[in-house]
Amino acid sequence: MPPKLIIVIPCYNEEEVLPITSKMFLDKITKLTSENKISGESKIMFVNDGSKDKTWEIIENLAKSDKHFIGISQSRNRGHQNTVLAGLMEAKN
């Protein structure tokens, strides 16, 4: 059985690029799944770091649109490293 991959992506005010990069990550997950290199249960986890734009709204819509997208949101900006750590801790569960 192939391993489950969870890609953790910290996000801060990414509304302009998120629609583009999310498709790129989904294409990669789909390719690796079709090659049986990773499990179909693999995920792309966006961690919102207290964005002030529509980043969280976009993440929520992505999660509704495809099972590979998931998201968590921090109540305020905690910085890149803490955001990655929060995502890794969530992915571990």
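Checking the condition crowded, with 19+ Cβ neighbours inside 10 Å, out of contact with any helix residue (DSSP H, G or I) (no Cβ under 9 Å at 6 or more places or on another chain), hydroxyl-bearing (Ser, Thr, Tyr) and not in a loop (DSSP other than H, G, I, E, B), which residue from 21, 83, 30 passes? Of 21, 83, 30, the one residue that is crowded, with 19+ Cβ neighbours inside 10 Å, out of contact with any helix residue (DSSP H, G or I) (no Cβ under 9 Å at 6 or more places or on another chain), hydroxyl-bearing (Ser, Thr, Tyr) and not in a loop (DSSP other than H, G, I, E, B) is 83. Evaluating residue 71 against the criteria (1) at pLDDT 90 or above; (2) of a type outside the set (Phe, Trp, Tyr); (3) part of a helix (DSSP H, G or I) leaves one unmet condition, (3). Put simply, of 38, 59 the only residue that is open to solvent by less than 20 Å² (accessible area, probe 1.4 Å), outside any loop (DSSP other than H, G, I, E, B), at pLDDT 95 or above and out of contact with any His (no Cβ under 9 Å at 6 or more places or on another chain) is 59.
The values are calculated or read from the model by the stated rules, or taken from the named source; none is laboratory data. Worth saying up front: this structure is predicted, and the values here are computed from it rather than measured. We place every Cβ from the backbone using ideal geometry, glycine too, and count neighbours over all the protein chains shown. The area values use the complete protein model at the heavy-atom level, side chains included, leaving out ligands, DNA and RNA. Shrake-Rupley method; radii C 1.70, N 1.55, O 1.52, S 1.80 Å.
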